[in-house]
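Asks: Handing you a structure now.
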Amino acid sequence: AKTMGLQKRLLSLGMIGVISFFLSDVLGCILVQGYNPITSYISVLSADGTPYSGVMRTFIMIYQVCFLLFSITLCIKSFKEYCPYTRVGSILLFGVACLSVFTFGVFPMTVESAINPQNMIHLILAIAIITLPILALFLLSLGFRKDQRSILARASFIAAILILFFDLSHLFAIKNGWAILGLLQRLSVYSFHAFTFFLSWIYVRKTRRTVL
């Protein structure tokens, strides 16, 4: 019983992490003068030299810790209860969490527009973060379907399709010079966060059903 209680608390960190990330975005949009969330990327808010970057990084660090613990717990649960596809998908989610730490923590962006080594590393890690969740979600969708967790399978598939659509739209917008890159990034990012929040909520709700 104690183990199950601890697992439920750790899985609830998925929701807490998403809320923390959302707060960092909202506060950044309010506090940083001249910042346009439609045209500017989220990572600009925590870039070196940006006003209130310390506040933004604090909320992002909370998100990173919560998502790391959530993904580790999901991995453990997957290896105990789920099929190989779900296990690999949960491992990839843990990989996303690790990449997030390096992208926003170890190699944050600078406010300089010039391409420098720090920004290049940040860009490479950001691209990996964009592609890895899509693969993870498709694997989780396949795995949850084999595990007969139909609600989770559908949620994973829908999130993967949305992220893929918004990421492809992002590339199309870059090619055509559309000034909506910040909006498209947020639509992609929050599609992933919505899935994380839903998955966390499903696992910690009081009324447990057979879909779990």
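Asks: Using amide H atoms built 1.01 Å from N in the peptide plane, name the residues 5+ places from Asp48, or on other chains, whose amide H lies under 5 Å from its own.
Replies: HN-HN under 5 Å from Asp48: Met109, Thr110, Val111.
Asks: Quick check: residue separation of Leu171 and Gln148 times 0.36 nm, minus the Cα distance between them. What number comes out in nm?
Replies: Difference between extended and current length: 4.8 nm.
Asks: What is the sum of charges, Lys and Arg at +1 and Asp and Glu at -1, for the other residues whose Cβ falls under 13 Å from the Cβ of Phe198?
Replies: Computed value for this residue: +3.
Asks: What aspartates and glutamates does Lys175 reach when the alpha-carbon gap must be under 13 Å and sequence neighbours fewer than 8 apart in one chain are set aside?
Replies: Asp167
Asks: From the backbone phi of segment 70-80, what are the Karplus-calculated ³J(HN,Hα) couplings (6.51 cos²θ - 1.76 cosθ + 1.60, θ = phi - 60°) in whole Hz, Gly and Pro given as x?
Replies: Going residue by residue, I get 4, 5, 4, 4, 5, 4, 4, 5, 5, 5, 8 Hz, with x marking Gly and Pro.
Asks: Mind checking the full-extension length gain between Thr131 and Phe79? Use 0.36 nm per residue of separation minus the Cα-Cα distance, one decimal, nm.
Replies: Residue separation times 0.36 nm, minus the Cα-Cα distance, leaves 16.4 nm.
Asks: In whole Hz, with x marking every Gly and Pro, tabulate ³J(HN,Hα) for segment 165-180 from phi via Karplus 6.51 cos²θ - 1.76 cosθ + 1.60, θ = phi - 60°.
Replies: Ordered by residue, 3J(HN,Hα) equals 4, 5, 5, 5, 5, 4, 4, 5, 5, 5, 4, 9, x, 6, 8, 10 Hz.
Asks: Still on this model: For the pair Tyr41 and Met4, how long in nm is the line joining their label points, each one 7 Å along Cα→Cβ?
Replies: My value for the distance between the label points is 4.5 nm.
None of the figures in this text is laboratory data; all of them are computed from the coordinates on show. Small disclaimer: the values here were computed from a predicted structure and weren't measured. In this analysis, Cβ positions are derived from the backbone assuming ideal geometry, glycine residues included, and neighbour counts consider all displayed protein chains.
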